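*Asks:* Once you've had a glance at the structure underneath, I'll fire off some questions.
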Amino acid sequence: MYKTLTLKRGKEESLLRFHPWVFSGALVSMPQPGDDSIEEGDIVRVVASDGRPMGVGHFQIGSIAVRMLAFDDIEITPEFYGDALRRAWQMRKALGLHRPDNTAFRLVHGEGDFLPGLVVDIYGDTAVIQAHSPGMHFAREIIAMQLTQIDGLDIRSVYYKSETTLPYKAHLDAPNGYLIGHADSSVAIENGLKFNIDWLRGQKTGFFVDQRDNRSLLEHYSAGRRVLNMFCYTGGFSVYAMRGGAAKVHSVDSSSKAVALTDANIALNFPGDTRHEAFAEDAFKFLDNTATGDYDLIILDPPAFAKHRSALRNALRGYQKLNAAGIAKVAPGGIVFTFSCSQAVSREQFRLAVFSAAAQTGRRVRILHQLTQPADHPVNIYHPEGEYLKGLVLYVE
Ligand code: SAH
């Protein structure tokens, strides 16, 4: 059986409410690095101060000491992962995300799918796995094998990509690479639009599937508008704007690789279409050099400004500055799609930053839509921290 970690008196409350994290401060004693009894990534039993079993989870050194896999005293077998993956798949089937015209979606969203520390994105017949915990890193081969056995999902290759998501202190040797098979094609389809997905070199698992619904909404606002897509990365919003009938689309990213990806995705869907142009430039500088009225629709989807709580203040200032620039420059009667993917920034804080930005410009601004992450990025109701993507669609007079 697994090694046991004991909670301090009263610290079982959150586990009784199925919150999946045990903080190190809740444990009677925290195993130390080099301690030969419990290693990082081990499966441990967690018991209350009176010895009552609370469940099992992956142990890790850090402020989150255990990520719970189950709230019963069970054994974690390959079938455990298989069951959890199949349940995640059942839910995606219910969402209707697996169709010939939509082959990209998230199959596993960590805590949101009761598999803390694990992300799995599907691109056609390739699954890209991202481990955020040593425990999931050690389980990667089992997870890969179980993925190929899900009926109807038809996974032929599994790519592992955790070099940047695993805690570096764990000193895990986790090179990116195929665990199973080798994909021939890396073109995925989202709502009928084609995207080259570069899981080998791209950010995250190669694509931001979390903006799918928001891109669809943008498509409906694009007709006849001059669109500016800031922080374009793979050009997701740009491609939708083109299909929506935009008069022109300008994409901006400070990374020239991202600009090349965007150009390639536009060419894949709209070869030879001269409405699109991409610029490798800093977003703030680009907006500085933009005259008010040059664009009717501006998208602001920056990287997470606050990766940790400590960076919150600066992050909020960053969101305010960016949004003030966007709101100031959009044409009268224009629309701004603005986002924050910082988990540390709450919905209210983000809204306040955008409110301050609007006030700074003195323009009349109304909120048309309040956006969030799509249904394949579910929030475990016992783990509200899982809500991270926030967006507002603004109408600017
Ligand atoms: N909107 C994208 C995802 C954006 S990811 C999508 O729908 O897929 C964030 C992007 O911002 C990255 O590609 C990164 O290169 C870019 N970036 C980061 N800092 C930037 C800056 N100061 N100016 C412009 N782009 C920046």
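*Asks:* Percent antiparallel among DSSP beta bridges with both residues in segment 3-70, to the nearest 5?
*Replies:* 75
*Asks:* Something else about it: Does anyone have the angle between helix 347-361 and the longest principal axis of the chain? Alpha-carbon axes, 0 to 90°, nearest 10?
*Replies:* That works out to roughly 20 degrees.
*Asks:* Express in whole angstrom the spacing between the alpha-carbon centres of segment 287-330 and segment 1-79.
*Replies:* Centre-to-centre distance over Cα atoms comes out at 41 Å.
*Asks:* Order 91-102, 233-244 from most to least packed using the mean count of other Cβ atoms within 10 Å.
*Replies:* The packing order, highest mean first, is 233-244, 91-102.
*Asks:* Putting +1 on Lys and Arg Cβ atoms and -1 on Asp and Glu Cβ atoms, find which of Leu5, Ala223, Asn289 reaches farthest to the positive end of the dipole of the chain.
*Replies:* Of Leu5, Ala223, Asn289, it is Asn289.
*Asks:* Okay, moving on. How many Å³ per residue does the convex hull of the Cα positions in the chain occupy?
*Replies:* 139
*Asks:* Given +1 on the Cβ of Lys and Arg, -1 on the Cβ of Asp and Glu, and no further charges, what dipole in debye does segment 3-70 carry about its Cα centre, rounded to the nearest 20?
*Replies:* So the dipole magnitude of segment 3-70 works out to roughly 340 debye.
*Asks:* As a test, work out the antiparallel percent of DSSP beta bridges whose residues both lie in the chain, rounded to the nearest 5.
*Replies:* So the antiparallel bridges in the chain amount to around 60 percent.
*Asks:* Order by neighbour count: Ser216, Ser222, fewest other Cβ atoms within 10 Å first, most last.
*Replies:* Ranked by crowding around the Cβ, least crowded first: Ser216, Ser222.
*Asks:* Grab the other residues whose beta carbon is less than 11 angstrom from that of Ser256, score K and R as +1, D and E as -1, and report the net.
*Replies:* For residues surrounding Ser256, the net value is -2.
*Asks:* Still on this structure: Between Ala267 and Glu163, what is the label-to-label distance in nm when each label sits 7 Å out along the Cα-to-Cβ direction?
*Replies:* 2.5
*Asks:* Quick one: helix 256-269 against the long Cα principal axis of the chain, what's the angle to the nearest 10°, folded into 0 to 90?
*Replies:* 70
*Asks:* Could you give each residue of segment 281-292 its phi-based ³J(HN,Hα) in whole Hz, using Karplus coefficients 6.51, -1.76, 1.60 with θ = phi - 60°, and x for Gly or Pro?
*Replies:* Coupling constants for segment 281-292: 7, 5, 4, 5, 5, 4, 5, 4, 8, 9, 7, 4 Hz.
*Asks:* Further, regarding this structure: So if R0 is 51 Å, what FRET efficiency would Glu79 and Glu277 give, r being the distance between their Cβ atoms, rounded to the nearest 0.05?
*Replies:* Once the sixth-power term is evaluated, E becomes 0.45.
*Asks:* May I ask you to list the GluC sites (Glu not before Pro) in segment 48-128 that are in a DSSP loop and have at most 13 other Cβ atoms within 10 Å of their Cβ?
*Replies:* Glu75
*Asks:* Between the helical axis of 312-329 and the dominant principal axis of the chain, each derived from Cα atoms, what acute angle in degrees is found, rounded to the nearest 10?
*Replies:* 20
*Asks:* With a Förster radius of 41 Å, plug the Cβ-Cβ distance of Ser24 and Asp294 into 1/(1 + (r/R0)^6) and report the FRET value to the nearest 0.05.
*Replies:* 0.20
*Asks:* Still on this model: Placing +1 at every Lys and Arg Cβ and -1 at every Asp and Glu Cβ, with all other atoms neutral, what dipole size does the chain have around its Cα centre, in debye to the nearest 20?
*Replies:* Roughly 1380 debye for the chain.
*Asks:* Follow-up. Sequence-distant or interchain residues sharing an amide H contact under 5 Å with Ala70, placed H: which?
*Replies:* Val56
*Asks:* Amide H to amide H under 5 Å from His383: which residues, 5+ apart in sequence or cross-chain, H placed 1.01 Å off N in plane?
*Replies:* Distant-sequence amide H within range of His383: zero hits.
*Asks:* Let me ask something else. Which aspartates and glutamates does Lys321 reach when only Cα atoms under 12 Å apart count, and residues fewer than 8 places away in its own chain are ignored?
*Replies:* Cα-Cα hits under 12 Å: Asp288.
*Asks:* Which length gain, in nm to one decimal place, applies between Arg309 and Ser216 when the Cα-Cα distance is subtracted from 0.36 nm times their residue separation?
*Replies:* The span from Arg309 to Ser216 would gain 30.4 nm if fully extended.
*Asks:* Estimate the FRET efficiency between Ala260 and Glu39 by the formula 1/(1 + (r/R0)^6), using the beta-carbon distance for r and 51 Å for R0, to the nearest 0.05.
*Replies:* According to the calculation, E is roughly 0.75.
*Asks:* Let's see if you can work this out: charge +1 on each Lys and Arg Cβ, -1 on each Asp and Glu Cβ, no other charges. What is the dipole magnitude of segment 274-376 about its Cα centre, in debye to the nearest 20?
*Replies:* 500
Since every read-out is calculated from the coordinates, none of them should be taken as a lab result. In this text the structure is predicted, and so the values were computed from the model without any measurement. Reconstructed Cβ throughout: ideal geometry from the backbone, glycine too, with neighbour counts over all protein chains shown.
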